[in-house]
Amino acid sequence: MTSGFPFKSSPRKLSIPEPLLNQANQTISQKLGLLFPQERLSDLERGILEASAELGIADVQTFVEQLNNSPFHSKYVQILAKYLTVGESYFFRDARGLRIFKKYVIPEILASRTGGQKALKIWSAGCCRGEEPYSLAMILKKLIPDLNSWNLTLLGTDINSDFLKLAFRAKYDEWAFRRTPAAVKKTYFKQSGKNYFELSGEIRGMVKFFFLNLVDDIFPSPINETNGVDIIFCNNVLMYFHPELAKKVVKKFWYCLNEGGWLFVAAPEVSQTLFSEFTPVNFQGTTLYRRITGIAKQEKERISAVPIYSEIPARLSHEVEAVGLPLRESPPIEPAQVEKQEEEVAPYALAEKYFHENDYNRCEAIAASLAVNSNDVQGKKLMAKLCANFGKMDESLQWCKRAIQVNSLDASVHYLTASILLERGQIEEAIQSLRHTLYLDQNFVLAHFSLGSLLRNKQKLLEADRHLRIAFQLIKDLDIDFVLPESDGMSVGYLRELLSSLLQTETAEKRRVRVGR
């Protein structure tokens, strides 16, 4: 129930030279994951011609060269994604998978959290126009009587920004309801114009949407809420990826999931090789994958490989122990070496590189050695992100608090704290941290965006509108390919589109409130 795959057409004679087309094919595979076999090169050519025409580039050679030299979040990549992916989906499409989700998976999770923290996070990776996550929202609304007491995160992501705009709009034609129970349309939709049906605001408010490139974007991450996930749906996406890139994505899914978490994929994607780290679970012919392969042992081995210096100040040793990192014997480091390391940007930059590559062992090895320095903020921030990615939200918050103790005026630490508080379901505390962030830096774009989104969910529409509009103004003159600080890869172009959709939704919501009065 996703986008993310090439459309199909009949083979035709190519007008673009095949060597140039093959070059573009390789670049697109690297940046979008999509792999076009020889018999599908005509589909690729059509997408390139349409994308270059939209960009006003008449010479295909020039377009391909610019595509090769552009970053992953460039306008070339995003516009190509629009023409090389299709939105073939409808509500309640995967009937067998959704039946298992409703009858087995959700009841098990609910039972396991009775009396504990009521938190549930579900991610639809490749959500197309929103049909899949909205279907999940309808199921949960009916299945969980006390849903309002749960910290529920329902996330939909896609690489096609046009699909995300339609998901925000939440208006669908009859084709989106094929094979969908009639009661669904009657209960959750209302007629909107002659040929469209608009989803109820209650269900729309349960789902968050983000642009995300599965090939290149950073996940798991508390910034885009892809860490500590209980269930991932990724149907009809991986089968169209280059095999090596598919393996990379699956590995990242592994890190995103909590212990015991579930991964739903389409039947043609079931593969013992691709999902070798997962445990397959068969439900009468339908295979799901689960992360239950001895995480405790893996975590122990992973942590034991982290070189923590034995010469750690006594007042800081408890910080390392608090997050489960062992104080083990290793060669002491001289103070002069520490000073030299602090003066160099290289260690932290290298740790960031490993973090972005999901090489968490190497990242943690550097970050931990930096974090134990009493004056190091960046190392503590990175440790907070690492802990969050492993679902250790309490430890993550502890590292944020220690970073704030070092520098209470660092707005980025307060923003990270807000993201982690949000993950823990502490909405009011997250809002206060975001307000503190903006007190320190009134031009912190993502803080305005996050605060506006949270206030919108609380129906504080006027204040939400103000923060969203401030965020829009702050980025309106920036280059669309510029990656925003503290965003884990979010580009200005994408955030601009996202804000436009949110502001349109805000206007519609305020109109409904006025009419209701």
If you average the alpha carbon positions of the stretch 371-410 and of the stretch 456-499, how far apart do those two centres end up, in angstrom? 25 Å
Three-way shape label, the stretch 18-84, alpha-carbon gyration tensor, a/c 1.5: rounded
Name the residues whose placed amide hydrogens come within less than 5 Å of the amide hydrogen of Gly126, ignoring near sequence neighbours (fewer than 5 apart) on the same chain. Thr157, Asp158
Gln459 paired with Ser500, simple spin-label distance in nm, labels 7 Å along Cα-to-beta-carbon: 3.1 nm
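Of Lys121/Lys353; Lys208/Lys392; Lys252/Lys401; Lys102/Lys385; Lys102/Lys194, which ones are farther than 25 Å apart at the Cα? Provide the component values of the computation, followed by the final result.
Values: Lys121/Lys353 27 Å; Lys208/Lys392 23 Å; Lys252/Lys401 27 Å; Lys102/Lys385 32 Å; Lys102/Lys194 33 Å.
From the list (Lys121/Lys353; Lys208/Lys392; Lys252/Lys401; Lys102/Lys385; Lys102/Lys194), the Cα-Cα distance tops 25 Å for Lys121/Lys353; Lys252/Lys401; Lys102/Lys385; Lys102/Lys194.
Arrange the peptides 123-132, 54-63, 262-271, 348-357 so that the one whose residues have, on average, the most other Cβ atoms within 10 Å appears first. Show your work: numbers first, answer last.
Working: 123-132: 28.5, 54-63: 13.3, 262-271: 19.4, 348-357: 16.5.
Packing order, densest peptide first, comes out as 123-132, 262-271, 348-357, 54-63.
So, by mean Cβ neighbours within 10 angstrom, what's the order for 246-259, 149-162 with the highest one leading?
Working: 246-259: 19.6, 149-162: 21.1.
So the order, starting with the most tightly packed, is 149-162, 246-259.
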Quote the FRET efficiency, to the nearest 0.05, computed for Val184 versus Tyr104 with a Förster distance R0 of 30 Å and r equal to the Cβ-Cβ distance. 0.90
Can you tell me how much longer the chain between Lys194 and Asn69 gets when fully stretched, taken as 0.36 nm per residue apart minus their C-alpha distance, in nm with one decimal? 40.5 nm
Fewest-first ranking of Leu14, Leu120, using other Cβ atoms within 10 Å as the exposure measure: Leu14, Leu120
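Quick check: from the Cα gyration tensor, does the stretch 85-237 come out rounded (a/c under 1.5), prolate or oblate?
oblate
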The stretch 132-168 and the stretch 188-249: distance between their alpha carbon centers, rounded to Å: 9 Å
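Could you compute the FRET efficiency for Ser408 and Glu428, with r as their C-beta to C-beta distance and R0 at 22 Å, rounded to 0.05? Each step should come with its number before you reach the end.
Numbers: r = 20 Å, r/R0 = 0.93.
With R0 = 22 Å, the Cβ-Cβ based efficiency is 0.60.
Cβ neighbours within 10 Å, averaged per peptide: list 21-33, 165-177 in order, most packed at the top. Each step should come with its number before you reach the end.
Numbers: 21-33: 19.7, 165-177: 17.6.
Descending packing order for the listed peptides: 21-33, 165-177.
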List every residue whose amide H lies under 5 Å from the amide H of Met490, counting only residues 5 or more places away in sequence or on a different chain, with H placed 1.01 Å from N in the peptide plane. Leu484
Amide H of Asn224: which non-local residues (sequence gap of 5 or more, or other chain) have their own amide H closer than 5 Å, using H built in the peptide plane? none
Gain upon complete extension [Asn361, Asp59; 0.36 nm per residue less C-alpha separation]: 104.2 nm
Gain upon complete extension [Val281, Leu49; 0.36 nm per residue less C-alpha separation]: 79.2 nm
Apply the Karplus parameterisation 6.51 cos²θ - 1.76 cosθ + 1.60, with θ equal to phi minus 60°, to every residue of the stretch 440-451 and state each ³J(HN,Hα) to the nearest whole Hz, in sequence, with x for glycine and proline. 7, 8, 6, 9, 6, 4, 5, 5, 4, 4, 5, 5
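Computed from the coordinates by the stated procedures, all read-outs in this text should not be read as laboratory data. Since we're looking at a predicted model, the values are computed, not measured. For neighbour counting, all protein chains shown are included, and Cβ atoms are generated from backbone atoms with ideal geometry for every residue, glycine included.
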